[in-house]
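See structure below.
The values are calculated or read from the model by the stated rules, or taken from the named source; none is laboratory data. Source: prediction; values computed, not measured. Using ideal geometry, Cβ is built from the backbone for each residue, glycine included, and neighbour counts are taken over all protein chains shown. Note: areas computed on protein heavy atoms with side chains; ligands, DNA, RNA excluded. Shrake-Rupley method; radii C 1.70, N 1.55, O 1.52, S 1.80 Å.
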Amino acid sequence: MLGPCEGLLILAAFVLIFQFVKLKCQSCRLPPGPPPLPLIGNLWTLNFQLHYGRLMQLAKTYGNVYTLWVGHMPFVVLNGYDAVRNALVSHSEELSGRPVSPFFMDLMGEKGVILTSGHTWQQQRRFDLMTFRNLGLGKKGLEHRIQDEAQHLLETLTREKGNPIDPSRCLVHTVCNVISCVVFGRRFHVEDPIFQQLLKAIDLTIGAPGTFSGRMYDLFPQLMRLLPGPLNKVFQHYDMLLSFIMREVKTHRQSPEESLQDFIAFYLDQISKTRDDPSSTYTEDNMVQMVADLFITGTETTTTALRWALLYMVVHPIIQGKVQQELDTIIGPSQEIKYEDRKKLPYTNAVIHEILRYGNIVSVGLPRLCLKDTVLQGFPIKKGTIILPNLSSVLYDPECWETPQEFNPCHFLDHEGNFINREAFLPFSAGQRMCLGEQMAKIEFFIIFTSLLHAFTFRLPEGVKEARCDFILLATLQPHPYKICAIPRKMKRSPNVMW
């Protein structure tokens, strides 16, 4: 007669065998890929993280469309320019859904714009695009607010008098204050404790999915909900962020309508206009989550891109000098930089695009959900399948870039030094679910980056001979912490620029 231990072992073996057979049957209806294991799928193959380099290596074995199992969920991975662009552009409507992981479902729910699909997403996205166009107009428009924040940043760096600093703190304050002006209609002082709590909530929310606890939460959500751990802190800070936004909404409701020209004011007006429309998804819950979406995605991505930008300028001083020479010649010593100036600054524009290509902060790209049966690169894909576009495989595709593994602004210049767009430049993804804040991010990055290089030369601290250019894999690809010196420049107007 079997004892309890033997019985449990037999039961566990039966469950594992059942899971293995089930995975084999399901795999037959999907593109090829490495064989999955019960419970963990292919996570052992990936070393429990979605590293774009490993995904590119697997493509050499299984092709540019293949299947990976993350736990019990299959992901169809797209690799290389042809597969990614064909899917995201030619099949944009079919792939316009967004799967929601257990962690984000418990943290945010299917609200706002990032984690919604279908009718809710379409309405929220349409409103977002319209509102950002409206906010971009007038003397207090988006570009003017970015210029103001860039000026505050320059003043902060000037006070450092060329001493070594970690630029992360002042960059995140600048970027977050741009979002604050757009959303709340006001900026925060750097030392404001509420502002610091907002930044902490953003940091924890962005970092959580990349932690071991975050991965385990998505694999075993029912178990992880019962266990104490570091993710409890994430939920607490996120609740604090939502509570702060709700207090701001209450303040807006009590203020004269004509005195407010920000995202919350526009959204409250939209709620009022559509109150009697049964198909409307304009609710306070969606508004609060939308504001949180803007804070989290807008702050993290642009800040990280600027951190890479300054690091690359320190590592490539000749490129930094060429950007400064072009700025001195075209902009002059005192003129305020406008986004429109990018058309007169081909080399600077090329450097910015190369930073976004080579820095590649989003790495793999957010997953898509297939909303109807379709065919990708000859493979039938069923409704409900999760699609993972490996954006890095496009940004580093050797068939699209002359030197994909090198920082080379000439990728975006023709032989005469004119700026050229490249179809394989997809850091903001493509199709209907491409980054909603792309235009805002481009304006913000251009004005802040050029303002910094116009005013300062960035160098490594004395005694530091080199900086690390490898990344830390979190939700985005982060540079290792570093310190630099911002040396105020004495600008000289050059008669011409030759690259």
Checklist entry - Could you list log10 I(q)/I(0) for the range 306-423 at q = 0.19, 0.20, 0.22 Å⁻¹, which the Debye formula gives when each Cα is one point scatterer? => result -1.04, -1.12, -1.27
Next on the checklist: Working only with C-alpha atoms, what are the Rg and Dmax values of the chain, expressed in angstrom?
Outcome noted: 24.2, 95
Checklist outcome for this item: Any trypsin sites (Lys or Arg not before Pro) in the range 403-499 that lie in a DSSP loop and have at most 16 other Cβ atoms within 10 Å would be Arg422, Lys465, Arg468, Lys483, Arg489, Lys490, Lys492, Arg493
Checklist outcome for this item: Amide H contacts under 5 Å for Gly33, restricted to residues at least 5 apart in sequence or on another chain and with H modeled in the peptide plane, are Thr67
Checklist entry - How much area per residue is accessible in the range 296-449 when the probe is 1.4 Å and only protein heavy atoms are counted (Å²)? => result 38 Å²
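Based on the alpha-carbon gyration tensor of the range 409-499 and its eigenvalue square roots a ≥ b ≥ c, which shape applies: rounded if a/c is under 1.5, prolate if not and a/b is larger than b/c, or oblate? Could you put the intermediate results ahead of the total?
Details: a/c = 1.86, a/b = 1.16, b/c = 1.60.
The shape class here is oblate.
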Item to check | Backbone HN-Hα couplings from phi across the range 83-98 [Karplus 6.51/-1.76/1.60, Hz, Gly and Pro as x] | outcome: 5, 5, 5, 4, 5, 6, 9, 6, 10, 4, 5, 5, 9, 8, x, 10
Next on the checklist: Using a Cα-Cα cut-off of under 15 Å, which aspartates and glutamates could be cross-linked to Lys322, ignoring same-chain neighbours fewer than 8 residues away?
Outcome noted: Glu354
Next on the checklist: What does the C-alpha gyration tensor say about the overall shape of the range 386-436? Classify as rounded when a/c is under 1.5, otherwise prolate if a/b is larger than b/c, or oblate.
Outcome noted: oblate
Item to check | Principal axis box of the range 216-276, alpha-carbon based, largest edge first, Å | outcome: 49, 24, 14
Checklist entry - Which aspartates and glutamates does Lys161 reach when only Cα atoms under 15 Å apart count, and residues fewer than 8 places away in its own chain are ignored? => result Glu462
Item to check | For the range 212-265 and the range 150-199, distance of Cα centres in Å | outcome: 22 Å
Checklist entry - Which links in Lys111/Lys233; Lys111/Lys200; Lys233/Lys383; Lys233/Lys442; Lys344/Lys483 stretch past 27 Å when you go from one Cα to the other? => result Lys233/Lys383; Lys233/Lys442; Lys344/Lys483
Checklist entry - Using Cα atoms only, what is the angle between the long axis of helix 284-315 and the major principal axis of the chain, expressed in degrees (0 to 90) to the nearest 10? => result 60 degrees
Checklist outcome for this item: Full extension between Asn421 and Leu37 adds, at 0.36 nm per residue less the Cα distance, a length in nm of 133.9 nm
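Based on the alpha-carbon gyration tensor of the range 163-273 and its eigenvalue square roots a ≥ b ≥ c, which shape applies: rounded if a/c is under 1.5, prolate if not and a/b is larger than b/c, or oblate?
Numbers: a/c = 2.81, a/b = 1.42, b/c = 1.98.
Note, shape of the range 163-273 comes out oblate.
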Item to check | Whole-Hz couplings from phi, Karplus 6.51/-1.76/1.60, listed for the range 453-463; x for Gly and Pro | outcome: 6, 5, 9, 9, 9, 9, 9, 6, x, 4, x
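Report in % the part of the accessible area of the chain that belongs to carbon and sulfur, leaving out ligands and nucleic acids; probe 1.4 Å. It would help to have the intermediate numbers written out before the result.
Numbers: 13710 of 24050 Å².
Heavy-atom surface of the chain belonging to carbon and sulfur, 1.4 Å probe: 57 percent.
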